[in-house]
Each structure stands twice: as structure tokens, then as C-alpha cells.
Amino acid sequence: MGQHTWFLKSKDLYFKSEALNEKLDELEEKDLSEFFRVEEEMSKIYAQNSAPYHDLFRTGKRNSDGTYTDDIIFSREECFEWINNPDNHVSFDEDNEWVTKQLNKFWDEYPDGVIYFG
């Protein structure tokens with residue numbers, strides 16, 4: 001079993017969430033009320049940005065230190081190149097044709113979408 005694939009609607013919201021996550025790291029020991037405010041904002045962004053797709057494929061790819069891959073996919077073209085690269089150790093639970101249709105549907109609905117792993 002590989003790492004999960006997570007699908008987001010917007011890379012702008014993804015980058016906003018990542019910036020807030022960095023801010024959380026800075027606030028953790030300093031300002032607890034601001035920490036909780038930023039955490040709540042992140043939760044709202046995640047709920048708004050979550051796409052109704054999940055685990056259309058999985059990967060066994062790891063970083064050099066053995067942790068989950070940090071790769072992030074930002075386009076349809078990048079997605080299919082990534083999937084077809086044997087170095088990414090991609091596996092499917094469903095028929096490839098079905099997965100391809102679902103991925104195309106995702107990119108049609110969310111052309112500014114994001115796929116990440118974890």
C-alpha cells in the first residue's frame with residue numbers, strides 16, 4: 001500500500017495555507033491566542049479547498065531520508081507525466097481507464113488544482 005493522494009481545488013489556497021502553517025510554527029511558543037486564530041483560519045481554508053477526490057492512485061516514492069515524498073502536482077500534464085514515471089512507484093486500486101477518467105474530470109473541474117501525498 002502506498003501513500004495517499006490528496007486533491008485540492010486551488011493552488012492559491014494551498015499556498016495561503018502553507019504560509020499560515022509556517023506562521024503557526026513561529027507562533028507556537030509565543031502567542032497562543034494568535035496561534036489558535038491562525039489554526040482556525042487554516043481549517044477554514046482546508047475545508048474550502050478540499051476536492052471530492054481521494055486516492056485515485058498511490059505512490060511508494062520516498063524522500064532520500066525515507067519520509068513521504070514532498071512532490072506536489074500542479075497541472076494535468078505534470079500529473080500524467082508523474083504517474084507514468086516508473087521512479088514514482090505508482091499503483092492503482094482501480095482500473096487504469098477509470099482512474100484516467102477521474103483524473104481528467106478532476107483537472108476539468110479544478111484546472112488550478114493540486115495533488116499532494118501523505
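Around Gln3, with a cut-off of 9 angstrom between Cβ atoms, what is the net charge of the other residues, counting Lys and Arg +1 and Asp and Glu -1?
+3
Points 7 angstrom from Cα along the Cβ direction at Asp87 and Asn104: gap in nanometres?
2.8 nm
How much mean residue ellipticity at 222 nm does the chain get from its helices, if each DSSP H run of length 4 or more adds -39500 (n - 2.57) and you divide by all residues, to the nearest 500 deg cm²/dmol?
Rounded to the nearest 500, it is -16000 deg cm²/dmol.
Which order do Lys105, Lys30, Lys16 fall in if you start with the one that has the fewest other Cβ atoms within 10 Å?
With the fewest neighbours first, Lys105, Lys30, Lys16 line up as Lys30, Lys105, Lys16.
Starting from the Cα of Lys61, draw a straight line to each of the lysines and keep only those under 28 Å, dropping any in the same chain fewer than 8 residues away.
Partners found: Lys9, Lys11, Lys16, Lys101, Lys105.
Give the calculated FRET efficiency between Glu28 and Ala51 to the nearest 0.05, with a Förster radius of 30 Å applied to their Cβ-Cβ distance.
0.55
Can you give me the relative contact order of the chain as a percent, contacts being Cα pairs under 8 Å and 6 or more apart?
43 percent
A short reminder: the numbers here are calculations on the coordinates, not readings from a lab. Keep in mind the model is a prediction, meaning the values are calculated, not measured. Here Cβ is always computed from backbone atoms with ideal geometry, including for glycine, and neighbour counts include all displayed protein chains.
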